[in-house]
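Asker: This is the structure, below, for whatever I ask next.
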C-alpha cells in the first residue's frame, strides 16, 4: 500500500520523514500533532489533548460543528466525532508520548488512515467564526460607535486570526466611517503582539508614503490612537502633514449653505495635534486664514480649529488677543460662543485673557451685514 497517495498532502508532509525512516510510532505522533494544529487553527482555541477536543467539539454550541446539529441524529454524530477524537488522544497519542512503543507499519498505516478520515471531516466542519461574515459586521452602517461595542466585537476573533482580520479590514478602510472604525481598529490593535503592531504600523507607513485619496488618508489618520502617529516612518508623517497644511490653506466653510468647500482633509489635523511635527507651520497657517478678511476662511477656522486653539497656541499672542477682542467688541457671537466652549473644557487660563471684553459683550444686532457676496461658492 502506498500511503502517500491515500492521505491528505499536508499529513504526508508531516509524517514523511519519520515514516520513510521506519519510525512508525513517531509518524503516528506526527499525524496527531498535525491533527491538533488543524483543530486549533479551525477553532481559534489554544490547549491540547482531550481538553482541546471538548472545547472545540463539545457542548450545545461547539466551536466546530460537523453538521447543522438540528436533528437528534446530527447531534449524535457531533457527539460521536467528539468521542472518537477523545479516544485518539487517550488510546493512541498519549501512550506513544509517555512511553516506548514500537508500532509495525501495518498498524501505523491503519491509524494514520483513520486520522486522515477524521481530518477530512474536521476540514469540512463549520466554525463559529467566519472572517467574511465578521467583516460585514465591521463595515455595517449600523456599527455602534462605542468603545464597549468595539471590545465585544473584537473579542469574537480567535487569537490566531486577529492579525489577518486586521490587515484584511485595513485594506477595506475607505469603505467605512473612520469615526466608527476607530473603535474596532484601536481595540484590535491593542490585542496584537508587539511584533504584529510593528508590522501594522509599517503597512500604514508604506501606504501613507504613496496615498493620494483624501478618504484613504483620513481613514489612516483616524482609525488608530494618536500615539501611533509618531511611530510611523518620519518621511510618511512629514508627507501627510504637508498635505494637511496645503488642504487647510484651501479650506473654506460657508455657513449659509452649511458646506465645507475645500480643506476637508485638513480638518483631520485636529486628531493628531498632540503628535503633529509641523506645529509652528500649522499655527502660522491658522492665524493667516483667521486674519484674512475672507469670511468663509475665517468660518473654516472657527468651525474646525478654534476649539483646539489652546493645543495649537500655548497662550494667545498679542496680535491674536487684539484680533479676538475686536471681534468681541463688534458683538460677534461666534467668538463669544467659541470662548465659552473652551471655558467648558477647562482652558480657564487661556480664556481669562479675554475676560474683561467678555464681561461687557453685546451681541451684534440682527440684520447687520456679515457676508461678502463675492465670497459665495457659487
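Asker: Could you work out the Rg to Rh ratio of the chain, with Rh taken as the Kirkwood radius (inverse of the mean 1/r over all Cα pairs)?
Answerer: 1.21
Asker: Report, in degrees rounded to the nearest 10, the 0 to 90 angle that the Cα long axis of helix 234-249 makes with the longest principal axis of the chain.
Answerer: So the inclination is approximately 40 degrees.
Asker: With each pseudo-label sitting 7 Å past Cα toward Cβ, what's the residue 6-residue 341 distance in nm, one decimal?
Answerer: 7.6 nm
Asker: Taking the number of other C-beta atoms within 10 Å as the exposure measure, put 154, 5, 159, 267 in order starting with the fewest.
Answerer: Arranged by neighbour count, lowest to highest, 154, 5, 159, 267 become 5, 159, 267, 154.
Asker: How far, in degrees from 0 to 90, does helix 279-290 lean away from the longest principal axis of the Cα atoms of the chain, to the nearest 10?
Answerer: Relative to the chain, helix 279-290 is tipped by roughly 50 degrees.
Asker: Follow-up question, since we're still on this one. With r as the distance between the Cβ atoms of residue 110 and residue 364 and R0 = 56 Å, compute the FRET efficiency 1/(1 + (r/R0)^6) and round to 0.05.
Answerer: After rounding, the FRET efficiency stands at 0.05.
Asker: Now, a different point. Restricting the calculation to Cα positions, tell me the Rg (one decimal) and the Dmax (whole number) of the range 129-232 in Å.
Answerer: Cα only, the range 129-232: 12.7, 35 Å (Rg, Dmax).
Asker: If a/c stays under 1.5 just call it rounded; otherwise compare a/b with b/c (prolate if a/b is bigger, oblate if not). Do that for the range 185-300, with a ≥ b ≥ c from the square roots of the Cα gyration tensor eigenvalues.
Answerer: Prolate is the answer for the range 185-300, as a/c is 1.5 or above and a/b outweighs b/c.
Asker: To continue, here is another question. Which whole-number percentage describes the relative contact order of the range 3-127, with Cα contacts under 8 Å and a sequence gap of 6 or more?
Answerer: Across the range 3-127, relative contact order equals 33 percent.
Asker: With r defined as the distance between the Cβ atoms of residue 323 and residue 168 and R0 fixed at 41 Å, what FRET efficiency is calculated, to the nearest 0.05?
Answerer: For residue 323 and residue 168, the calculated efficiency is 0.25.
Asker: Using only the Cα atoms, what convex hull volume per residue in Å³ does the range 309-369 have?
Answerer: Value for the range 309-369: 83 Å³ per residue.
Asker: Compute the distance from the alpha-carbon center of the range 165-209 to that of the range 219-289, in whole Å.
Answerer: Each part's Cα centre sits 20 Å from the other's.
Asker: Further question on the same structure: Highest first, please rank the peptides 341-350, 21-30 by the mean number of other Cβ atoms sitting within 10 Å of their residues.
Answerer: Output ranking for 341-350, 21-30: 21-30, 341-350.
Asker: Let me ask something else. Can you work out the PRE-style zone for residue 206? Point 7 Å along Cα to Cβ, and I want the residues of the range 125-167 with backbone N under 18 Å.
Answerer: From the range 125-167, the list is 163-167.
Asker: Looking at the range 248-378 from every direction and averaging, what is the projected area of its Cα convex hull in nm²?
Answerer: Mean projected area for the range 248-378: 8.2 nm², to one decimal.
Asker: Here's another thing I want to ask about it. Taking the Cα centre of each part, how many Å lie between the range 54-77 and the range 16-43?
Answerer: That distance is 25 Å.
Asker: Could you work out how far helix 194-210 tilts from the main Cα principal axis of the chain, as a 0 to 90 degree angle to the nearest 10?
Answerer: Tilt relative to the chain: about 50 degrees.
Just so you know, all these numbers are worked out from the coordinates, no wet-lab data involved. These figures come from a predicted structure and were not determined experimentally. Every residue, glycine as well, gets a Cβ built from its backbone with ideal geometry; the counts of neighbours run over all protein chains shown.
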